[in-house]
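Notes to accompany the following structure.
The values are calculated or read from the model by the stated rules, or taken from the named source; none is laboratory data. Keep in mind the model is a prediction, meaning the values are calculated, not measured. Every residue, glycine among them, receives a Cβ derived from its backbone with ideal geometry; neighbour counts consider all protein chains shown.
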Amino acid sequence: MRVVITGGAGFIGSHLVDRYLNDGHEVIAIDNLCTGSLQNLADASENPRFTFVRADASVPLPVRGKVDAVLHFASPASPVHYTRLALETLAVNSSGTQHACDLAEGSGARLVFASTSEVYGDPDVHPQPESYWGNVNPVGERACYDEAKRFGEALIATRVRRGPLDARIARIFNAYGPRMSADDGRAVPNFIAQALAGQPLTVYGDGTQTRSFTYVGDLVDGIVRLAAHDAARGAIVNIGNPEEMTIGACAAFIAAAAGVPLHVEHRPRPPDDPSRRKPDITRARTLLGWEPATPLREGIAHTLAWWRRTYST
């Protein structure tokens, strides 16, 4: 199978590259490196079945020949990066999604679009099933990401209804693991970086807001299953961990895992920061036979070990 992964040098994209290569497939990774890193592809670059193309995924994709799967994962994904790259985030999730659809449809390939739990906004329904329409501020500071992903979903759903495109949408919940960048800005990498540097852990608000953390290896397995499922055309599937945790508890957990005293510095919560986040994964269980398998303790241990190896040199 020949697989195209946009955002292939990013956190999740690079793990998908490794998974498909390990499964024996040919992989083409496309990334402009605005948030990704070639270091994430160090192992892949040694594989003769791997090709890296440095290009902007918001314009027509520079891929020749037939492909079997297109995974559109190109987008800044943390508030730090999508605020800095707001227009680029809008472009890659709108125009870029259009081009990913064109490539997949023209080749008869399956498309997986990386959407996000952020399409649910600050939810009025808990936990969040795929049928929930969300509570999103369409003009707020986060709208460049939230609404861009919602538009991408609308574009794909319309093209699936109107034509031959075989596409599926993955709504991803708070993935973490090795290869998250030190400047990512999200809770897990922030807490790890601060704990290992002996700094106070920054908690926004009082720390009672919740998230559901999914180890990247589990996430990748869910994505691969979604791409491979013959009956998933048009499906929207939450891929996340239904175990909910407060941000304050997460900070304490990571400090303990890193072996450092817990010192917390509270700062004001950003605008439109969701108060609760927990996926209903009934559809993932029934359609894909998938649910997360990595306990938080194990996933954080893997992430801490990688962090120490990567950032201690």
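Screening residue 31 with (1) buried (at least 23 other Cβ atoms within 10 Å of the Cβ); (2) within 13 Å of residue 224 (Cα to Cα); (3) of a type in the set (Asp, Glu) gives one miss only, at (2).
Taking segment 41-71 as the range and being outside any loop (DSSP other than H, G, I, E, B), within 24 Å of residue 181 (Cβ to Cβ) and in contact with a strand residue (DSSP E or B) (Cβ under 9 Å, 6 or more places away or on another chain) as the test, the residues that pass are 41, 44, 45, 50, 51, 52, 53, 54, 71. Considering segment 194-216, and only residues there that are surrounded by 20 or more Cβ atoms within 10 Å (Cβ to Cβ), assigned to a helix (DSSP H, G or I) and in contact (Cβ under 8 Å) with a residue 40 or more places away in the chain, the residue that is nearest to the chain's Cα centre (by Cα) turns out to be 216. Give the number of residues within segment 26-79 that are touching a His at 6+ places or on another chain (Cβ under 8 Å), of a type in the set (Ser, Thr, Tyr) and under 21 Å from residue 156 (Cβ atoms). Here the count works out to 1.
Would you tally the residues in segment 270-313 being among the hydrophobic types (A, V, I, L, M, F, W, C) and within 21 Å of residue 180 (Cα to Cα)? Explain how you work it out, then say what you get.
First, pick out the residues of segment 270-313 that are among the hydrophobic types (A, V, I, L, M, F, W, C): 281, 284, 287-288, 290, 293, 296, 300-301, 304-307.
Then drop every residue that is not within 21 Å of residue 180 (Cα to Cα), which leaves 293, 296, 300-301, 304-307.
So the answer is 8.
Scan segment 141-156 for residues that are of a type in the set (Gly, Ala, Ser) and either surrounded by 17 or more Cβ atoms within 10 Å (Cβ to Cβ) or in contact with a strand residue (DSSP E or B) (Cβ under 8 Å, 6 or more places away or on another chain) (or both) and jot them down. 143, 148, 152, listed by residue number. Taking each residue of segment 261-282 that is farther than 14 Å from residue 206 by Cα and looking for partners that are surrounded by fewer than 17 Cβ atoms within 10 Å (Cβ to Cβ) and among the hydroxyl-bearing types (Ser, Thr, Tyr) with beta-carbon atoms closer than 7 Å, six or more apart or interchain, yields nothing.
Summed over segment 283-301, the residues that are in contact (Cβ under 8 Å) with a residue 60 or more places away in the chain, part of a helix (DSSP H, G or I) and either within 19 Å of the chain's Cα centre (by Cα) or farther than 25 Å from residue 225 by Cα (or both) give a count of 6.
Per the listing 71, 87, the residue uniquely at pLDDT 95 or above, farther than 17 Å from residue 9 by Cα and hydrophobic (A, V, I, L, M, F, W, C) is 87.
Report, by residue number, each residue of segment 130-140 that is surrounded by 15 or more Cβ atoms within 10 Å (Cβ to Cβ) and of a type outside the set (Ser, Thr, Tyr). Correct list: 130, 134, 136.
Considering segment 1-30, the residues that are under 15 Å from the mean Cα position of the chain (by Cα), of a type outside the set (Gly, Ala, Ser) and not in a helix (DSSP H, G or I) include one that is nearest to residue 83 (Cα to Cα), namely 6.
For residue 190, the conditions (1) under 25 Å from residue 298 (Cβ atoms); (2) modelled with pLDDT of 95 or more; (3) out of contact with any strand residue (DSSP E or B) (no Cβ under 8 Å at 6 or more places or on another chain) are fulfilled apart from (3).
Assess whether residue 78 counts as being touching a helix residue (DSSP H, G or I) at 6+ places or on another chain (Cβ under 6 Å) and small (Gly, Ala, Ser). Before the answer, list the steps.
Working: touching a helix residue (DSSP H, G or I) at 6+ places or on another chain (Cβ under 6 Å): no; small (Gly, Ala, Ser): yes.
So residue 78 does not fit the description; no.
Taken as a whole, segment 218-233 holds no residue that is in contact with a Lys or Arg (Cβ under 8 Å, 6 or more places away or on another chain) and assigned to a strand (DSSP E or B).
Criterion first (surrounded by 15 or more Cβ atoms within 10 Å (Cβ to Cβ), within 20 Å of the chain's Cα centre (by Cα) and among the hydroxyl-bearing types (Ser, Thr, Tyr)) does residue 94 satisfy it? Against the criterion (surrounded by 15 or more Cβ atoms within 10 Å (Cβ to Cβ), within 20 Å of the chain's Cα centre (by Cα) and among the hydroxyl-bearing types (Ser, Thr, Tyr)), residue 94 qualifies.
Residues to consider are 108, 8, 24; find the one that is under 19 Å from residue 226 (Cα atoms), in contact with a helix residue (DSSP H, G or I) (Cβ under 8 Å, 6 or more places away or on another chain) and of a type outside the set (Asp, Glu).
Numbers: 108 fails: in contact with a helix residue (DSSP H, G or I) (Cβ under 8 Å, 6 or more places away or on another chain); 24 fails: in contact with a helix residue (DSSP H, G or I) (Cβ under 8 Å, 6 or more places away or on another chain).
Of 108, 8, 24, the one residue that is under 19 Å from residue 226 (Cα atoms), in contact with a helix residue (DSSP H, G or I) (Cβ under 8 Å, 6 or more places away or on another chain) and of a type outside the set (Asp, Glu) is 8.
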